[in-house]
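Here the structure is laid out as C-alpha cells; the discussion comes afterwards.
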Amino acid sequence: MLKKVLIANRGEIALRIVRACNELGIKTLAVYSEADEQSLHVQLADEAICIGPAAGNLSYLKADRIIAAAEIADADGIHPGYGFLAENADFAEQCGECGIKFIGPGAEAIINFGDKAKARDMAVKANVPVIPGSDGTVDNEEDAIATAKKIGFPVIIKAVAGGGGKGMRTAHNAVAFVKEYNNARNEAEKAFGNGAVYLERFLDAPRHIEIQLLGDQHGNVIHLGERDCSIQRRHQKVIEEAPSPFISDKIRKKMGEDAVKLAKSVNYEGAGTVEFLVDENGEYFFIEMNTRIQVEHGVTEEVTGVDLVKEQLLIAAGQKLSYKQEDIKITKHCIECRVCAEDPGRNFAPCPGEITLYYSPGGHGVRIDSHCYSGYTIPPYYDSMIAKVMTFGRTRELALDRMDRALGEYLIRGIKTNIPFSRAIIRDPIFREGKATTKYIEEFIERVPKDLYT
C-alpha cells in the first residue's frame, strides 16, 4: 500500500481523494496556491505545502514544484485528480523517474489517447466503431477541404489535444469551412500549444454516452456501465446520469465490451472513460478516451457501489482489481447536477466572491461533493464548478424527484449560481421523458423564458 499521497489538485476532487486515502490509512499531502490557503482539502489533509501564486500556470500546473513538494514530504504517490496535470504524459514520466507512483495510466497511454487522432486509429485497430472522418490530422486548407467534401458536410473540426470544447468547430458547407478550420487551429494552438486538428462527420443530435473502466497492472480490465452525459453547454457537461434512459441492454452490453477491448489492447492501467456518440438508431461511435478519473465518477459509484478513487489507489499499489465483471450490478438510478458559480442571466458569466451563507441539502438518496462553506471565498482563477449534487433511488423518477427537492434545499448566498437553471431542466418534460440529446440545452434556452431559471 502507498504510505503518503500528494494530491496535485484543488476543490472538491482534492477533498474526495483525501477522504479515500483516510479510509485506506494513507497519509495525505495537500498542495495549494496562495488563493486556496483556506480550502477544505488543505485543512483536512495531514500536511500541506504552498506551491505558488493563485494563477494555475504558476502553481497547479508547475510539475517541478509539485514533485519537489512530494520529495520534501517523502510522498510515494501523486494523485492528479482531473484537469491540471492529470493527462500530462511528461508529468507522469517525471514522477516515475523520481521514484514516485503516478496514480493513473503510464505516459504512453496518456500520449496515445491524449492525441485524439491517434486514439481514433487505436480504436480502428481494436475494431471499435468510429465516426467517418479524416485519416489522421489535416494540416493545410487544401487537404482539409478535400477531406471534408469526401466525408460530406456538415463536418466537425476537432483539436487533437485538450478538451472542454476548445479547438472544436462545426462547418455546414465548404464556404464556412475555411474560416472554422482556421478558428479551430488558432484556438487549439493558444489553449494547448498544439494547433493540429482532424475531421469527423458531424452528428446533429446524438446522445453522449461514456463507459467507465478500471484496469490493473495484471491485465484485468472491467467496465462499470455507462453514464449519459448528453446535457451539455458549449461542449461542457452540465447534468449526467446512469444508467442512460435511452440505450438498450443490448447496446449497453456491446458498448461495454468494446470499451474493455480497447483498453486491453493497450494494457490500460487505472481509471479511464471511453466516450461514444450514439445516433437516433442506436448506432454508436468512439470519439475519445479520458485517461483519468472524471468529474462525474460519483454517479457510477452510487449505482454500482464501487469506490472508484479507492480502486485507483489500490491499483497504483500493484493490487489486483477488487471486482470481476460479473460482480458489477447496476442497482439504482443516479442523477448529477454540477453547481457552478455563474450567472445564467448574463450568459453564464463566472461569479467568484465570498459565500455569505452555505447550506447543502441532505436526506435519503442525496450526496453532495463540495469544498465550500459559509465564509469561503471562491477565487476567480479556476473553473466555476463549486459542487456536485447527486441523487439516487430505485427508479429514475425517484432520483429526479429527489434532485428537484435537493436543489430546492440548496442555499448559497453572496454569489450567483446555476442552481435555478439546473432545477428548471430537472422539471422540464422533455428531460424527464429521457428524450434529451446534445442539442437539448441550446433548444431549452430558446423555448424557456429566462425568468424561470435566473
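How much of the pair distance distribution for the range 36-88 lies past 12 Å, counting alpha-carbon pairs only, in percent? The calculated P(r) of the range 36-88 puts 69 percent of pairs beyond 12 Å. Under the shape rule built on the C-alpha gyration tensor, where the axes satisfy a ≥ b ≥ c, the range 318-454 is oblate, since a/c reaches at least 1.5 while a/b does not exceed b/c. Dipole check for the chain: with +1 at the C-beta of Lys and Arg, -1 at the C-beta of Asp and Glu, and the Cα centre as origin, the magnitude is about 820 Debye. The label-point distance for SER265 and TYR323, in a model that sets each label 7 Å from Cα toward Cβ, rounds to 2.5 nm. Of the cross-linked pairs LYS101/LYS324; LYS264/LYS324; LYS101/LYS310; LYS118/LYS179; LYS149/LYS179; LYS166/LYS190, which ones have a Cα-Cα span greater than 18 Å in the structure shown? Beyond 18 Å between Cα atoms: LYS101/LYS324; LYS118/LYS179. Summing +1 for each Lys or Arg and -1 for each Asp or Glu among the other residues whose beta-carbon sits under 15 angstrom from that of GLY193 gives -2. Mean projection of the Cα convex hull over all viewing directions, computed for the range 135-250: 9.4 nm². Eigen-decomposition of the gyration tensor built on the alpha-carbon atoms of the range 93-142 gives equivalent ellipsoid semi-axes of 30, 15, 6 angstrom, largest listed first. The value of relative contact order for the chain, using C-alpha pairs under 8 Å at least six residues apart, is 14 percent. Over every Cα atom in the range 117-157, the radius of gyration and the widest Cα-Cα span, Dmax, amount to 10.9, 31 Å. Extents of the range 1-116, taken as max minus min of Cα coordinates on every principal axis and listed largest first, are 37, 33, 24 Å.
The distance linking the range 161-218 with the range 380-454 is 26 Å (Cα centroid to Cα centroid, whole angstrom).
About the Cα centre of the range 227-384, how large is the charge dipole given +1 on each Lys and Arg Cβ and -1 on each Asp and Glu Cβ? Please answer in debye to the nearest 20.
The calculated dipole for the range 227-384 is roughly 260 debye.
Taking every alpha-carbon pair under 8 Å whose residues sit at least 6 apart, the range 174-288 reaches a relative contact order of 27 percent. Exposure check, 1.4 Å probe, all protein chains in place: ARG169 carries approximately 70 Å² of accessible surface.
Per residue, the range 9-62 exposes 38 Å² of solvent-accessible protein surface, assessed with a 1.4 angstrom probe and all protein chains in place. For the range 269-333, the dipole from Cβ point charges (+1 on Lys and Arg, -1 on Asp and Glu) about the Cα centre works out to 420 debye, to the nearest 20. Surface composition of the chain: carbon and sulfur make up 47 percent of the accessible area, probe 1.4 Å.
Principal axis extents of the Cα atoms in the range 220-264, from largest to smallest and rounded to whole angstrom, are 34, 21, 12.
Structural size metrics of the range 213-360, computed from C-alpha coordinates, are Rg and Dmax of 17.1, 51 Å.
Under a cut-off of 16 Å between alpha-carbon atoms, report the aspartates and glutamates in cross-link reach of LYS125, not counting same-chain residues fewer than 8 places apart. Straight-line reach from LYS125, under 16 Å: ASP115, ASP135, GLU257, ASP258, GLU288.
The values are calculated or read from the model by the stated rules, or taken from the named source; none is laboratory data. The shown structure was predicted, so the numbers you read here are calculated from the model rather than taken from an experiment. A quick note on method: Cβ atoms are made from the backbone with ideal geometry, for glycine too, and the neighbour counts reach across all protein chains shown. With ligands, DNA and RNA removed, areas are computed over all heavy atoms of the protein, side chains included. Shrake-Rupley method; radii C 1.70, N 1.55, O 1.52, S 1.80 Å.
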